[in-house]
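Encoded as structure tokens, the structure appears first; notes follow it.
The values are calculated or read from the model by the stated rules, or taken from the named source; none is laboratory data. Worth saying up front: this structure is predicted, and the values here are computed from it rather than measured. Note: ideal-geometry Cβ built from the backbone for every residue, glycine included; neighbour counts use all protein chains shown. Heavy atoms of the whole protein, side chains included, go into the accessibility calculation; ligands, DNA and RNA do not. Shrake-Rupley method; radii C 1.70, N 1.55, O 1.52, S 1.80 Å.
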Amino acid sequence: MEISYDADEEDVADKFVRVNSGGQKLTENNFIQTLISVYENETSDRMNEFCAQSRIPASGTSYNNILAVDPSHLIRMAVGVGFRRARLRYAYMLLRGKNLESG
């Protein structure tokens, strides 16, 4: 499959979802992180960096003895605080532009 260099982000994300919906089972988290990478690459990079630092015991990092922070934790927290819903499927719905009330 080839994607034109002038394809918009929505087309690229849609193709990713369609191609990866068969074969290996992907999680909502995989789709959510792909959409964030497509639309907000800098945000995705910052989340991944924060999570990587959470595994390094040093001052000035987000190191935590109890929990190794994962991007899905950050996404779940943001959707929980911002939209009062903590399930990843709501994050996916929001990123796809769906209305949580009407679907």
Given (i) 6.9; (ii) 8.2; (iii) 8.6, the label whose value is mean projected area of the Cα convex hull in nm² derived from this model:
(iii)
Taking the solvent-accessible surface of protein heavy atoms with a 1.4 Å probe, what is the per residue accessible area of the chain in Å²?
72
Carbon + sulfur, % of accessible area of the chain - ligands and nucleic acids excluded, 1.4 Å:
49
Name the residues whose placed amide hydrogens come within less than 5 Å of the amide hydrogen of SER62, ignoring near sequence neighbours (fewer than 5 apart) on the same chain.
SER54
When the dipole is taken about the Cα centre of the chain, and only Lys, Arg (+1) and Asp, Glu (-1) are charged at their Cβ, what size is it in debye, to the nearest 20?
740
Within a Cβ distance under 13 Å of GLU9, other residues only, what is the Lys/Arg minus Asp/Glu net charge?
-4
Name the longest site-free stretch of the chain, where the excluded sites are chymotrypsin sites (Phe, Trp or Tyr not before Pro) in a DSSP loop with no more than 14 other beta-carbon atoms within 10 Å.
6-62
Treating the beta-carbon of each Lys and Arg as +1 and of each Asp and Glu as -1, no other charges, what is the dipole magnitude of region 62-103 about its Cα centre, to the nearest 20 debye?
180
With Cα atoms, 0 to 90° folded angle of helix 9-20 axis to the chain main axis:
90
On Cα atoms only, tilt of 41-53 relative to the major axis of the chain in degrees:
30
Of GLN53, ALA91, LEU67, which is farthest along the charge dipole of the chain in the positive direction, counting Lys and Arg as +1 and Asp and Glu as -1 at C-beta?
LEU67
Hz values of 3J(HN,Hα) by residue in region 77-88 - Karplus curve (6.51, -1.76, 1.60), Gly and Pro given as x
5, 5, 5, x, 6, x, 10, 6, 9, 10, 8, 4
Protein chains only, probe 1.4 Å: how do ARG46, ARG85 rank by accessible area, largest first?
ARG46, ARG85
